[in-house]
Amino acid sequence: MDMKEKTMTRPVPEEKTEEYAEWAEWCNNNRYYIADDHPEYYYCKKIETSESEEMAFRIDELKNRLAGTDYQAIKYAEGYLTEDEYAETKAQRQAWRNEVNALEAQLTQMNKESEK
């Protein structure tokens, strides 16, 4: 079953708590939440966001990826990784920075247009 179509009875039985936790993690990672407004079960619901919120979310995601590879950049800067060992990470980090810069420019433009 597709995770976004999943439902779980209320209350969640003790033997299903691990399954519920995995489902909750999937929802959080995929911009859904577990809705609790049905009296008999929980279900997955998409978080409604604007285009600018989606862009900001993507920027945060990319910055987290950059932060996650900072240790490799530091190891390279300190001489613990060779150019060859660091090349792939370096290229990926630059691609992420390029995307962040492009998204931030788009957000800035959107904000200027909405102020008019």
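Side notes on the structure shown:
- Label corresponding to P(r) over Cα pairs in 5 Å bins from 0, in percent when calculated from the structure given, among (1) 2, 10, 14, 15, 14, 18, 15, 8, 3, 1, 0; (2) 2, 10, 14, 13, 11, 11, 12, 11, 9, 5, 2, 0; (3) 2, 13, 22, 24, 20, 12, 5, 1, 0: (2)
- Low-density loop positions, trypsin sites (Lys or Arg not before Pro), segment 54-83 - DSSP coil, at most 11 other Cβ in 10 Å: none
- For the chain, the number of Lys pairs with C-alpha atoms closer than 18 Å, counting only pairs eight or more positions apart or on separate chains, is 8.
- For residue 81, the residues whose modelled amide H falls within less than 5 Å of its own, excluding neighbours fewer than 5 places apart on the same chain, are 76.
- FRET efficiency, residue 83 to residue 60 (Cβ-Cβ, R0 30 Å, nearest 0.05): 0.50
- Sparsely packed GluC sites (Glu not before Pro) within segment 21-60, loop by DSSP, other Cβ within 10 Å at most 14: 40, 48
- Here is how the number arises for the chain: DSSP H runs of 4 or more residues each give -39500 (n - 2.57), the sum is divided by the residue count, and the result at 222 nm is -21000 deg cm²/dmol.
- For residue 7, no residue 5 or more places off, or on another chain, has a built amide H under 5 Å of its own.
- Residues whose amide H comes within less than 5 Å of that of residue 41, counting only those at least five positions distant or on another chain, are 10 (H built at 1.01 Å from N in the peptide plane).
- With all protein chains in place and a 1.4 Å probe, the accessible surface of segment 25-116 carries 47 percent carbon and sulfur.
- Residue 22 versus residue 67: modelled label distance in nm, points set 7 Å from Cα along the beta carbon direction: 2.8 nm
The values are calculated or read from the model by the stated rules, or taken from the named source; none is laboratory data. These numbers come from a predicted model, not from an experiment. We place every Cβ from the backbone using ideal geometry, glycine too, and count neighbours over all the protein chains shown. Remember, those area values only see protein heavy atoms, side chains included, never the ligands or the DNA or RNA. Shrake-Rupley method; radii C 1.70, N 1.55, O 1.52, S 1.80 Å.
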